[in-house]
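To start, the structure under review is shown below, and the notes come after it.
Please treat every number below as a calculation from the coordinates, not as lab data. Please read these numbers as outputs of a predicted model, since none were measured by experiment. Backbone-built Cβ (ideal geometry, glycine too); neighbour counts: all protein chains shown.
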Amino acid sequence: MIALVKTNYRDEPCFDETLAEHPDFPRLIALKIDVQRRGVSYTERAQNAVDPEIHQLRSPYIFGSRDGEIKPLPESLLLRDGTTILTDPTPLDQDPYIVDHIDGRFALIDRGKLLETVELWPKPAYYDKTTTSGLPMSHIVTARPQRLNVFQSSFCYFWTEDQGCRFCDIVTHTKQQRKQLGVPNRLRPEDVRETVAEAIKEPGRFTNLCLTAGSVIKGPRLFDHEVDFYVELLQAIGENFRTKKFPSQLIASAFDEEQLARLYEETGLTSYTSDLEVFGEEQFDWICPGKAKWVGYREWRDRLIRAVDIFGRGNVGTGLVGGVELAKPHGFKSEKDALDSTLSEAEYLAERGVTTVYIVWVPRPGSALCGQKAPSLDYYIRLARGLQDLRVKYGLRVDFDDYRRCGNHPDSDLARLQ
């Protein structure tokens, strides 16, 4: 059992007090941020109201949860404006939001106050089916609001030298999933092709696909084997479509121009993301030692910029684990300094056609930064607004990571308002 560390947010201003400082910021997006920041705990009454026949439950995922367990809990909450909250089950002693079931409705509660009624995601029809090889399709391709997620592998080779990203629990969690759920080490392209074919039979449900996995440093050149795996997988998926290109996003390592050209020319891929995770060379070297050793911050950033020539302006992105730049002991000492530095780097990339989005940092128990505390809600609101303002300034879209397809980036939720 993974040891958990208590984290408490009760010494902070409450949700409404913080939001009062940002009267022009959408309340429901701010609520999404705070629920992701603090996590959720489902009451027994709420758990009894979950119907696995109609509600989508948590499926195999690339990262673990804050309670360090695998339980049949809801995958996500939906707010009344369609905003998605990808929930993170969290022990009560870490001061999460509470999900209860009151008068026939699921409700989001904080410190005894009912803030919103919420809905649960409806389960896709293909979740009840198996592949020809006998695997549950829900273990092969998982669903987001309007997106199909393919986690090709949950192993990252940076971990073999104890140089995995410090916020990440990808390898510890995949071992847990293999043992408890029987999730395969690597997906077979035929299983993925078959599952996608079944998923897209549901009219209007899914509009794009996203593929991601851990980094593979092997091959004649760095990352060549990783590229091979993705080409094979994307070609298998492409058999389901009549056009060469299909709406798709790859979140992968920082490939060189030849590797990127191969992905673009030999598959139906339409957008490419490679996550820097944290901006600034000093922070990157500490938080992402494997990425720093094998590629380096400046080269990783430059490869993103060069990818724009292949995929086009606005079709290349990078992701941040928002808040990890304030992790102890080597992170920024003040939220202002962290925000100024992050937005400065984001603007450098935006000027060159690269979009930046963030996810809320969750200090997971299987990571090197477990037990730490994420920064304030105020910080995340300012970061979300700052990144969206840059996209508006430089005319960058974020279609492949918007609220309807991904649902995990508070800053891109703002894009539908402008």
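Please return the longest stretch of the chain lacking exposed loop sites, where GluC sites (Glu not before Pro) count only if DSSP places them in a loop and at most 13 other Cβ atoms lie within 10 Å.
Details: sites that count: 21, 53, 239.
Result for the longest clean stretch: 54-238.
Say we join alpha carbon atoms closer than 10 Å with springs in a Gaussian network model of the chain; which of 243, 117, 355 then has the biggest fluctuation?
Answer for the Gaussian network model of the chain: 243.
Nearest-5 percent of antiparallel DSSP beta bridges in the chain? Could you put the intermediate results ahead of the total?
On the way: 21 of 47 bridges.
Percent antiparallel among DSSP bridges in the chain is about 45.
Looking at the square roots a ≥ b ≥ c of the eigenvalues of the Cα gyration tensor of the range 15-120, which shape do they give, rounded for a/c under 1.5, prolate if a/b is larger than b/c, or oblate? Mind dumping the intermediate values first?
Details: a/c = 1.62, a/b = 1.42, b/c = 1.14.
Taking the square roots of the gyration eigenvalues as a ≥ b ≥ c, the range 15-120 is prolate.
What FRET efficiency do you get for residue 235 and residue 69 if R0 is 30 Å and r is their Cβ-Cβ distance, rounded to the nearest 0.05? If you can, show how the numbers build up before the last one.
Numbers: r = 37 Å, r/R0 = 1.23.
That pair, residue 235 with residue 69, gives E of 0.25.
Students often get this wrong: which residues of the range 381-418 have the backbone nitrogen under 15 Å from the point 7 angstrom along Cα-to-C-beta of residue 351?
Counting only backbone N, you get 390-391, 393-395.
Using the charge dipole of the range 323-418 (Lys, Arg: +1 at Cβ; Asp, Glu: -1 at Cβ; taken about the Cα centre), state which of 371, 348, 332 has its Cα farthest towards the positive end.
Of the options given, the answer is 371.
Between residue 105 and residue 416, what length in nm is gained on full extension when 0.36 nm per residue of separation is reduced by their alpha carbon distance?
Separation in residues times 0.36 nm, less the Cα-Cα distance, equals 109.2 nm.
Give me the dipole magnitude in Debye, nearest 20, for the range 125-417 about the Cα centre, with unit charges on the beta carbon: positive for Lys and Arg, negative for Asp and Glu.
On the way: 39 positive and 41 negative charges, 146 e Å.
Dipole about the Cα centre, nearest 20: 700 debye.
Rounded to the nearest 5, what % of DSSP beta bridges with both residues in the range 15-120 are antiparallel? Show your work: numbers first, answer last.
Values: 16 of 20 bridges.
Percent antiparallel among DSSP bridges in the range 15-120 is about 80.
Could you pull out the pairs from 32/373; 244/393; 218/291; 71/218; 244/291; 218/245 whose alpha carbons sit more than 23 Å apart here?
Values: 32/373 17 Å; 244/393 32 Å; 218/291 14 Å; 71/218 34 Å; 244/291 32 Å; 218/245 28 Å.
Table pairs above 23 Å Cα-Cα are 244/393; 71/218; 244/291; 218/245.
Would you report the distance distribution of C-alpha pairs in the range 216-354 as whole percents per 5 angstrom bin, up to the bin with the largest distance?
Over the range 216-354, the share of Cα pairs per 5 Å bin runs 2, 10, 19, 20, 18, 14, 9, 5, 3, 1, 0 percent.
Quick one: grab the alpha carbon gyration tensor of the range 65-163, order the square roots of its eigenvalues as a ≥ b ≥ c, and give me rounded if a/c is under 1.5, else prolate or oblate depending on whether a/b is larger than b/c.
Details: a/c = 2.44, a/b = 1.40, b/c = 1.75.
Taking the square roots of the gyration eigenvalues as a ≥ b ≥ c, the range 65-163 is oblate.
Does a label point 7 Å from the Cα of residue 302, set along Cα-to-beta-carbon, have any residues of the range 258-296 with amide nitrogen under 12 Å, and which are they?
So the set is 296.
What is the list of residues in the range 273-295 whose amide nitrogen lies under 13 Å from a point 7 angstrom out from the Cα of residue 344, following Cα to Cβ?
Output list for this probe position: 279-283.
Which one of 50, 362, 316 has the biggest mean-square fluctuation once the chain is modelled by GNM with Cα springs under 10 Å?
50
Assuming 0.36 nm per residue, please report the length gained on full extension of the stretch residue 10 to residue 244 beyond their Cα-Cα distance. Present the calculation step by step, with values, prior to reporting the outcome.
Details: separation 234, 0.36 × 234 = 84.24 nm, distance 5.28 nm.
That works out to 79.0 nm of additional length.
Give me the distance between the Cα centres of the range 281-308 and the range 373-395, rounded to whole Å.
22
Report the extension gain between residue 43 and residue 92 in nm, rounded to one decimal, defined as 0.36 nm multiplied by the number of residues separating them, less their alpha carbon distance.
On the way: separation 49, 0.36 × 49 = 17.64 nm, distance 1.02 nm.
Net length gain for the segment: 16.6 nm.
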